[in-house]
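Reviewing the structure listed below.
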Amino acid sequence: MKINIKEKISVSFKNWKSKSIWSKLSDVLFWGFILAILLPQTRLIVLSGVQRVIAMPPSVNETSTLPVIEPAAYDWPLTRLDGTQLNFNDYKGKVIFINFWATWCPPCVAEFPSIQELYSKYKDSDVVFIMVSNEKLGTIESFIEKYGYDFPVYYTQYQAPALLQSSSIPATFIIDKAGKIHVDERRAKRWHTETTTQLLDQLLKN
C-alpha cells in the first residue's frame, strides 16, 4: 500500500509531537543552527561564535629553535587606515604582535574580541600591534567601525616577509626585539590569556 506525501508528513508530525519537550527543543535548536549557517546574513556571526567557544590559548615555540626574521626582511610597506604610509622596518627592535585577517573569515572574527582585550592591556606599552588585511579599504573601515575595535589596522598589497607568509588566515605571530618568532599560530586562539601576557611581559623585559 502506497503512502502519499501528505500522509508521510502527517505521520512524521505525529511522531515529532510524541517526543519529549527536551527532544523537541533539541530538534528546533539543531535546525535553527543549520538555517543560521545557510543564511549569508547570519553565517559569519554563528561560525565565529562557535570558533570563539572552542578557541584555545596559543602555543609558545621552544626558545632553542626560534626562527629569526633577518634585518633585510623587515622592508615591507604598510598603510594605516588613515592613509599614513609606514614600513615594517620602522618597528625593528620592538616586541611585535602581528595578525593577518579578513572580514569574511569566521576564525579571524572569532579571535578579535580577545585581541582587542590584549591590545587594551598593552596599548600604552612598547608592544606594537599590527593587524593586516589586503581587502579594500572601505570594507575594512566599515567592519572596524561596526564592531568598535580600536587596535591598529593596516592594509597592504605587498608580500610579507617570508617567515610571516601563510596560505591560511588567521595567522598570528609574536616577535621579540631581535626578530625571533616566539608564537606562530594559523588558527583562531584566545589571546588575552596568562600564556600570552606572561610571554609579552618577559619579552618587554629582555
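The values are calculated or read from the model by the stated rules, or taken from the named source; none is laboratory data. For clarity, every value in this text was computed on a predicted model and none was experimentally measured. For neighbour counting, all protein chains shown are included, and Cβ atoms are generated from backbone atoms with ideal geometry for every residue, glycine included.
Of the residues 88, 151, only one is without any contact (Cβ under 8 Å) to a residue 60 or more places away in the chain and touching a helix residue (DSSP H, G or I) at 6+ places or on another chain (Cβ under 7 Å); which? Result of the check over 88, 151: 151. Return yes when residue 133 is within 17 Å of the chain's Cα centre (by Cα) and either within 24 Å of residue 83 (Cα to Cα) or not assigned by TED's automatic domain parsing to the domain that holds residue 89 (or both) and no when it is not. It is true that residue 133 is within 17 Å of the chain's Cα centre (by Cα) and either within 24 Å of residue 83 (Cα to Cα) or not assigned by TED's automatic domain parsing to the domain that holds residue 89 (or both). Checking each residue in segment 49-58 for being part of a loop (DSSP other than H, G, I, E, B) and modelled with pLDDT under 90 picks out 55, 57. Assessment of segment 127-148 against the conditions (part of a loop (DSSP other than H, G, I, E, B) and either in contact (Cβ under 8 Å) with a residue 60 or more places away in the chain or of a type in the set (Phe, Trp, Tyr) (or both)) yields no matching residue. Of everything in segment 107-121 that is surrounded by fewer than 19 Cβ atoms within 10 Å (Cβ to Cβ) and not polar (S, T, N, Q), the residue that is nearest to the chain's Cα centre (by Cα) is 113. For residue 122, the criteria (1) in contact with a helix residue (DSSP H, G or I) (Cβ under 7 Å, 6 or more places away or on another chain); (2) among the aromatic types (Phe, Trp, Tyr); (3) closer than 18 Å to residue 74 by Cα; (4) modelled with pLDDT of 95 or more hold in every case but one, which is (3).
With respect to (1) loosely packed, with under 15 Cβ neighbours inside 10 Å; (2) within 27 Å of the chain's Cα centre (by Cα); (3) at pLDDT below 65, the lone exception for residue 46 is condition (1). Which ones in segment 156-188 are part of a strand (DSSP E or B) and under 16 Å from the mean Cα position of the chain (by Cα)? Answer for segment 156-188, where residues must be part of a strand (DSSP E or B) and under 16 Å from the mean Cα position of the chain (by Cα): 171, 172, 173, 174, 183, 184, 185.
Are any of the residues in segment 175-190 of a type in the set (Val, Ile, Thr), touching a strand residue (DSSP E or B) at 6+ places or on another chain (Cβ under 6 Å) and either at positive phi or at pLDDT below 95 (or both)? Checking segment 175-190: not a single residue is of a type in the set (Val, Ile, Thr), touching a strand residue (DSSP E or B) at 6+ places or on another chain (Cβ under 6 Å) and either at positive phi or at pLDDT below 95 (or both).
Taking residue 73, is it within 27 Å of residue 205 (Cβ to Cβ), part of a helix (DSSP H, G or I) and out of contact with any His (no Cβ under 9 Å at 6 or more places or on another chain)? Answer is yes for this residue. Scanning segment 55-77 for residues that are surrounded by fewer than 12 Cβ atoms within 10 Å (Cβ to Cβ) and hydrophobic (A, V, I, L, M, F, W, C) gives a single hit, 72.
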